[in-house]
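Working notes, structure below.
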Amino acid sequence: LTTRRFRFNVEWKKVSRLCHTKPLLTVNGQYPGPTIAVHEGDNVEIKVTNRVEENTTIHWHGIRQFRTGWADGPAYITQCPIRGGQSYTYKFTVVDQRGTLLWHAHYSWQRASVYGAFIIYPRMPRPFSSPPIRAEIPIIFGEWWNSDVDSVENEMIKYGAGPISSDAYTINGLPGPLYPCSNKDTFIRTIEFGKTYMLRIINAALNDELFFAIANHTLTVVEIDAVYTKPFTTTAIMIAPGQTTTVLMTANQVPDRSGMFAMAARPYLTSVFPFNNSTSLGFLRYKKLGSGKIKSLNSLQVHNLPLMEDTAFVTKFSDNLRSLASAQFPCNVPKSINKRVIVTISLNLQDCPKNETCKGFNGKRFYASMNNQSFVRPPTSILECHYKNLTTGIFSSDFPEKPPNAFDYTGVDPLTENMNTEFGTKLLVVPYGTSIEIVLQDTSFLNVENHPIHVHGHNFFIVGRGFGNFDQAKHPVEYNLVDPPERNTVAVPSGGWAAIRIKADNPGVWFVHCHLEEHTTWGLAMVFIVKNGPGPSQTVIPPPQDLPLC
Ligand code: C2O
């Protein structure tokens with residue numbers, strides 16, 4: 001077995017975009033951060049040194065962290081933060097995963113600039129061996145704020161308001177020419193006619209689901225969240241924050257005199273709302289076929305990019321995502337379950353505390369919740385408390401397994417119902433090996449976007465999805481138990497539901513949350529504990545020596 005070692009220094013770096021220069025939190029001064037590339041089965045050791053005053057942690061998003069929750073990264077869930085001047089080495093093994101993932105900071109809103117690609121090369125040949133792949137192209141989406149992201153976060157917490165939009169979407173850290181002062185900050189990649197490329201597409205944006213397309217070209221999806229899919233060809237993709245999509249693209253189009261084709265990313269929202277709906281552009285340049293000069297610029301050059309509210313496209317696209325389910329790469333969806341948990345995901349409105357100003361809605365402020373529980377992080381690491389059996393006063397094991405009131409779209413006025421939430425640290429505890437189904441029901445107050453729900457430490461299978469109410473009598477019989485997509489982040493349809501199945505085979509403490517950072521900030525999160533199993537390889541390993549203390 002190979003051990004691959006990396007060094008991450010978290011440090012400030014002056015970066016300019018959109019005519020604004022500001023210190024940006026980075027890893028090794030890079031924005032986006034360095035790529036981690038390993039092989040399936042490798043041991044990985046990443047020494048993170050915090051060279052700033054602020055706390056930090058890093059999360060390897062989608063890595064299973066089998067028994068090694070200490071290396072997962074979310075602050076106060078699996079570790080205390082790495083303080084200024086301290087180092088912590090994340091050690092884990094990459095087991096039975098292959099493809100594209102990402103890493104990002106998991107402390108307050110630091111992932112706005114602290115993120116990068118995590119690539120796992122397969123040990124076995126890929127199931128899509130032809131045509132040969134000429135090269136890989138990383139396409140990492142992010143967001144740029146002209147102001148300091150800490151102050152954006154603090155305002156959101158203080159006023160209970162949002163969304164506070166970023167100033168630009170970025171492709172590989174570059175906004176592209178539709179934004180002010182950004183002509184030279186445009187991602188351009190040279191390709192050769194007739195060759196096929198593998199695009200590793202990562203959505204590291206904080207708060208937006210995005211559409212992505214390349215003018216005239218089609219994309220063949222072959223893998224999502226480091227799991228192979230049945231290949232399918234599409235004119236565009238939709239990708240939620242925390243998701244990754246690997247596509248093949250053949251350079252088979254005849255360019256005009258410029259030799260260039262635009263690529264574009266812009267948000268998917270389900271209704272018109274005063275969000276930022278601007279577009280980030282990049283370009284593919286056909287080698288030796290044109291001047292490389294673009295005359296007119298507008299997002300319409302990418303005519304195959306869906307419109308902002310194209311839910312029909314998203315539904316069709318999501319339906320096309322299927323596990324490969326081959327003999328070599330089987331789909332291990334639990335065919336039966338031990339437990340079904342119904343979880344409503346909501347935005348909530350609360351009265352404004354006296355002498356405070358709230359800017360949410362109707363003079364109130366927003367929170368967010370799962371089963372009307374707004375998750376509160378404790379002041380110390382839950383995993384450490386669980387491991388040492390010191391849980392009193394830190395958390396309780398009584399996360400409700402259904403909502404306080406059965407949610408019903410047909411019976412409620414979303415503006416008045418389901419508004420209240422409790423605050424606390426309630427956990428769901430399950431025995432090792434439990435096959436659990438979680439039905440995520442969006443209650444859709446402010447029906448504007450999907451909630452990308454991310455589960456740490458496990459992949460899951462999306463066995464069903466729909467609009468309106470989940471119906472326990474009707475929907476389970478229609479589940480796909482043959483080739484449902486396997487992933488770590490599911491975009492729960494706005495005004496609808498998604499049912500996911502998880503084999504709880506990874507002992508430890510695992511965060512579940514909306515990957516829209518503003519919703520996590522408001523409490524749209526929960527934690528589940530998978531207890532140790534009876535076998536020697538079914539327990540959490542002891543904590544590392546250098547684990548940060550609170
Ligand atoms: Cu990518 Cu808990 O997050």
For this session: Would you mind classifying segment 215-348 by shape? Square roots of the alpha carbon gyration tensor eigenvalues, ordered a ≥ b ≥ c; an a/c under 1.5 is rounded, otherwise it is prolate if a/b is larger than b/c and oblate if not.
Result: oblate
Exercise. What ranking do 334-341, 44-51 get when scored by the average of other Cβ atoms within 10 Å per residue, highest first?
Worked result: 44-51, 334-341
Seminar exercise, completed: Links exceeding 26 Å between C-alpha atoms in this model, out of K14/K359; K22/K288; K230/K335, come to K14/K359; K22/K288
Exercise. How much mean residue ellipticity at 222 nm does the chain get from its helices, if each DSSP H run of length 4 or more adds -39500 (n - 2.57) and you divide by all residues, to the nearest 500 deg cm²/dmol?
Worked result: -1500 deg cm²/dmol
Problem set entry | the chain, relative contact order in percent, only Cα pairs under 8 angstrom and at least six apart counted | 15 percent
Seminar exercise, completed: Phi-derived 3J(HN,Hα) across segment 303-308 with the Karplus relation (6.51, -1.76, 1.60, θ = phi - 60°), rounded Hz, x for Gly and Pro, is 5, 8, 7, x, 5, 3
For this session: For the chain, give the share of DSSP beta bridges that are antiparallel, in percent and rounded to the nearest 5; count only bridges with both residues there.
Result: 70 percent
Exercise. By count of other Cβ within 10 Å, fewest leading, how are L25, L178, L549 ordered?
Worked result: L549, L178, L25
Exercise. Taking θ as phi - 60°, what are the ³J(HN,Hα) couplings along segment 499-507 by the Karplus curve (6.51, -1.76, 1.60), each to the nearest whole Hz, with x for Gly and Pro?
Worked result: 10, 10, 10, 10, 8, 7, 10, 10, x
Seminar exercise, completed: Phi-derived 3J(HN,Hα) across segment 141-148 with the Karplus relation (6.51, -1.76, 1.60, θ = phi - 60°), rounded Hz, x for Gly and Pro, is 8, x, 10, 10, 10, 5, 8, 6
Problem set entry | Amide H contacts under 5 Å for F6, placed H, 5+ residues apart | E45, I46, K47
Exercise. Using alpha-carbon positions, what is the distance between the centroids of segment 114-179 and segment 1-79, in Å?
Worked result: 14 Å
Exercise. Any idea what the relative contact order of segment 339-530 is, in percent, if you count C-alpha pairs under 8 Å spaced at least 6 apart?
Worked result: 28 percent
For this session: Would you mind working out the magnitude of the charge dipole of the chain relative to its Cα centre, with +1 at each Lys and Arg C-beta and -1 at each Asp and Glu C-beta, to the nearest 20 Debye?
Result: 1700 debye
Seminar exercise, completed: Sparse-neighbourhood loop hits (trypsin sites (Lys or Arg not before Pro), segment 419-481; DSSP loop; Cβ within 10 Å at most 10 others) -> K474
Problem set entry | Sorted by Cβ neighbour density within 10 Å, fewest at the top, the residues K354, K531, K388 | K354, K388, K531
Seminar exercise, completed: Full extension between D471 and D319 adds, at 0.36 nm per residue less the Cα distance, a length in nm of 52.8 nm
For this session: For segment 125-328, give the share of DSSP beta bridges that are antiparallel, in percent and rounded to the nearest 5; count only bridges with both residues there.
Result: 75 percent
Problem set entry | Given K158/K364; K47/K426; K47/K503, the pairs whose alpha carbons are separated by over 22 Å | K47/K426; K47/K503
Exercise. Using a simple spin-label model with points 7 Å from Cα along the Cα→Cβ vector, what separation in nm is obtained for A312 and M124?
Worked result: 4.0 nm
For this session: Based on the mean of other Cβ atoms within 10 Å per residue, sort peptides 319-327, 75-83, 538-546 so the most packed one is first.
Result: 75-83, 319-327, 538-546
Problem set entry | Antiparallel bridge percentage (DSSP; both residues within segment 339-530; nearest 5) | 70 percent
Seminar exercise, completed: Given unit charges at Cβ for Lys, Arg (+) and Asp, Glu (-), the dipole magnitude of segment 1-123 about its Cα centre in debye, nearest 20, is 220 debye
Exercise. Mind checking the dipole of segment 342-472: about its Cα centre, +1 per Lys or Arg Cβ, -1 per Asp or Glu Cβ, Debye to the nearest 20?
Worked result: 440 debye
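What is the extension gain from K158 to T190, computed as 0.36 nm multiplied by their sequence separation minus the C-alpha to C-alpha distance, in nm to one decimal?
6.9 nm
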Exercise. For labels at N304 and L1 in the simple 7 Å Cα→Cβ model, what's the distance in nm?
Worked result: 4.3 nm
Problem set entry | Cys with no candidate disulfide partner in the chain (beta-carbon separation under 4.7 Å rule) | C331, C385, C514
For this session: Return the long-range amide H neighbours of Y367 (sequence gap of 5 or more, or a different chain), with a cut-off of under 5 Å between placed amide H atoms.
Result: N348, L349, Q350
Problem set entry | Relative packing of peptides 54-60, 88-94 - highest average C-beta neighbours within 10 Å first | 54-60, 88-94
Seminar exercise, completed: When H475, H513 are ranked with the fewest other C-beta atoms within 10 Å first, the list becomes H475, H513
Seminar exercise, completed: For segment 434-498, averaging the sequence separation of alpha carbon pairs under 8 Å that lie six or more residues apart and dividing by its residue count, the contact order in percent is 53 percent
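Every number in this text was worked out from the coordinates using simple rules, so none of it is lab data. Fair warning: this is a prediction, and the values are worked out from it, not measured in the lab. Don't worry about glycine lacking a Cβ; one is built from the backbone with ideal geometry, like all the others, and counts go over all protein chains shown.
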